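First up is the structure itself, then whatever we jot down about it.
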Amino acid sequence: MSHEAAQPDPRRAAWQVFIETSARLQTVLDAELKASSDMTLADYQVLMLLHDAPGRRLRMRDLSEHLVFSTSRLSYQIDTLVRRNWLRREAADEDRRGSYAVLTPAGATAFRAAAHEHARCVETLFIDALSDADGVVLADIMTRLSGHLTATLPTRGRR
């Protein structure tokens with residue numbers, strides 16, 4: 001009978017460091033964006049998605065699929081950005097129930113103003129800590145996790 005201690009599951013250890021590090025990184029990036037650009041990380045994510053979208057507009061349902069927000073959280077986020085004149089809502093002509101979030105010129109300006117400092121922070125806090133090989137491995141792992149979540153979660157549970 002062996003008295004060796006059971007080895008901890010490295011996947012559980014990975015989960016612990018992932019959840020702590022990602023929360024810490026998001027908290028720091030959020031604080032940096034607030035200080036430098038008067039916007040939250042959530043604001044930045046929405047503006048970035050719209051900035052990169054064709055015509056700088058996305059259907060609300062498509063936007064919600066890219067973000068980890070409930071429907072009510074997304075609606076609140078969009079309303080906040082509308083009040084700041086960073087985006088507007090447009091009715092979808094093809095579907096009366098649907099609508100688009102559209103980046104305004106002021107929103108594009110705010111995004112571009114924030115993007116340089118945000119990129120610098122991401123570079124310093126994340127990219128500089130990884131080798132090229134680390135980046136390849138991490139991207140592969142995160143892509144597999146994303147695919148696993150997509151395949152595992154019911155459609156309504158993905159948000």
- For the stretch 93-157, which GluC sites (Glu not before Pro) are both in a DSSP coil and crowded by at most 12 other Cβ atoms within 10 Å? Glu94
- From the residues Val46, Leu74, Leu29, which one has its Cα farthest along the dipole of the stretch 23-159 in the positive direction, the dipole being from +1 and -1 charges on Cβ of Lys/Arg and Asp/Glu about the Cα centre? Leu74
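Using a probe of 1.4 angstrom, how much of the accessible area of the stretch 68-159 is carbon and sulfur, in percent? Working shown, then result.
Working: 3710 of 6430 Å².
Within the stretch 68-159, the accessible surface is 58 percent carbon and sulfur.
Would you mind calculating the gained length between His116 and Trp15 on full extension (0.36 nm times residue separation, minus the Cα-Cα distance), in nm to one decimal?
Once the chain is fully extended between His116 and Trp15, it gains 33.3 nm.
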- Å² per residue, accessible surface of the chain at 1.4 Å: 70 Å²
- Task: Take the eigenvalues of the Cα gyration tensor for the stretch 40-137, scale each by 5, and report the square roots as semi-axes in whole Å, largest first.
- Result: 28, 16, 12
- Item | Computed FRET value (nearest 0.05) for Glu94 with Ala151, which takes r as the C-beta separation and R₀ as 35 Å | 0.75
- Query: Listed highest first by mean packing, meaning other Cβ atoms within 10 Å per residue, what order do 8-19, 25-36 come in?
  - Reply: 25-36, 8-19
- Shape box of the stretch 26-82 [Cα atoms, principal axes, largest first, Å]: 30, 24, 19
- Item | Amide hydrogen neighbours beyond the local backbone of Leu87, cut-off 5 Å, H modeled | Val82, Thr104
- Once both axes come from the Cα atoms, what is the angle between helix 132-152 and the longest principal axis of the chain, in degrees from 0 to 90, rounded to 10? 70 degrees
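The values are calculated or read from the model by the stated rules, or taken from the named source; none is laboratory data. If you're wondering where the values come from, they're calculated on a predicted model, not measured in any experiment. In this analysis, Cβ positions are derived from the backbone assuming ideal geometry, glycine residues included, and neighbour counts consider all displayed protein chains. Calculation scope for accessible area: heavy atoms of the full protein, side chains included, ligands and nucleic acids excluded. Shrake-Rupley method; radii C 1.70, N 1.55, O 1.52, S 1.80 Å.
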